[in-house]
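Written out below as structure tokens is the structure these notes cover.
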Amino acid sequence: MGVAAILISNSALAQTDQDAIMMSKNNFCVGLMYGYGSWKNYWEGTYKRDNENLGRVSSQMVGLMGNYGIKRNLNILFSVPYISNKPSAGTLHPMHGIQDLSLWAKWMPVKTSVGNGALSVFAIGGISTPLTDYTPDLLPLSIGLHSTNLTARVMADYELGKFFVTASGTYTYRNNITIDRNAYYTTELHLTNDVEMPDVASVNFRTGYRTGHLIAEAVVNSSKTLGGFDIRKNDMPFASNEMNATTAGAAFKYTFKKIHQLALVGSANYVIAGRNVGQSFSVSGGVFYAFNVKGTNKKEEKSTSN
């Protein structure tokens, strides 16, 4: 229920930390993303329900994202989203603000021929940390969980002609957070403002069609909180709840043939199963521009995929 805004942020296809696309050396790709998601039904533990005190909860995201190619097989990526959440009913006020800075290093140590196709293996490491003093203690309207996270991911991509399959597994460590009260209740009373955050594991699978100008793919993602507890009946969600979600969706990236530095991206995702999360449907789109920071070498000006 508390991750309505977070589900938007992993949706687009523009050299992200979850795909097998790499930027060429000295190329910098930067762009703006917009995302919208909403839900009315949510899972309170395993029980699916709605809440007339909330109505429909909607979330919007505007994000600045970029990717720089240090080497052909090593990229640095970043994102900074602005999040706005609001309910359609009840007395809770909307919340909005700049959320977290995310940084990733994406390394491709292996690329080799296997059969008639090409196999690439990636190692990705990342960190995200809050940029503002937003509160995580008013879910589902809080814009984030205010935890500094460390992420490690292993990913493999197999490309056969114009078709590909990509699979990855991720582990995210989340540090403790503090809230603006001196006591809270989970499954027991805690006389402190320090909240222990459970870590998260996830898997991602994507497959589709990939050329130099068009990528179209189907995506399934499943994340599981390694600990936490269920929302108590008729209670608000809490930052350290168990929050599990399986999403299914589709995404595309189109690079213009006459202006190959310019690309459009878009995606749609739906939560097909969950625990303590909203059953959100989200869409996103963005515009990205890539250029060579050391000149106009056209050979390296394009962003390339595996």
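Normalised Debye scattering of the stretch 74-156 at q = 0.12, 0.20 Å⁻¹ gives log10 I(q)/I(0) of -0.53, -0.89, counting only Cα atoms as equal scatterers and leaving out solvent.
Our helix-only sum for the chain, with -39,500 (n - 2.57) per DSSP H run of n ≥ 4 divided by its residues, gives a mean residue ellipticity at 222 nm of 0 deg cm²/dmol.
Geometric descriptor of the stretch 147-266, per residue, is 138 Å³ (volume of the convex hull of the Cα atoms). For the stretch 265-281 versus the stretch 65-138, the spacing of their alpha-carbon centroids is 17 Å.
Would you order 39, 107 from fewest to most other beta-carbon atoms within 10 Å of each residue's own beta-carbon? Before the final figure, lay out each step's value.
Numbers: 39 23, 107 16.
Ordered from fewest to most neighbouring Cβ atoms within 10 Å, 39, 107 come out as 107, 39.
Pairs exceeding a 28 Å alpha-carbon distance, out of 253/294; 257/294; 162/224; 40/253; 162/294; 111/224: 162/224; 40/253; 162/294; 111/224. On a per residue basis, the convex hull of the C-alpha atoms belonging to the chain measures out at 118 Å³.
Other residues with beta-carbon under 13 Å from the beta-carbon of residue 254 carry, at +1 per Lys or Arg and -1 per Asp or Glu, a net charge of +3.
What FRET efficiency, computed as 1/(1 + (r/R0)^6) with R0 = 22 Å and r the Cβ-Cβ distance, is obtained for residue 218 and residue 46, rounded to the nearest 0.05? Provide the component values of the computation, followed by the final result.
Details: r = 27 Å, r/R0 = 1.22.
My answer for the efficiency is 0.25.
The string of couplings for the stretch 142-158 from the Karplus curve (6.51, -1.76, 1.60, θ = phi - 60°) is 4, 7, x, 9, 6, 9, 7, 10, 10, 10, 10, 9, 10, 9, 10, 10, 10 Hz, one whole number per residue in order, with x for Gly and Pro. Computing FRET efficiency as 1/(1 + (r/R0)^6) for residue 180 and residue 76, where r is the C-beta to C-beta distance and R0 is 35 Å, gives about 0.50.
Residue separation of residue 248 and residue 148 scaled by 0.36 nm, minus their Cα-Cα distance, works out to 33.3 nm of gained length.
FYI, it's all coordinate maths here, none of it is from the lab. Just so it is clear, the structure is predicted and the values come from calculations on it, not from any experiment. With ideal geometry, Cβ positions are generated from the backbone for all residues, glycine too; neighbour counts draw on all protein chains shown.
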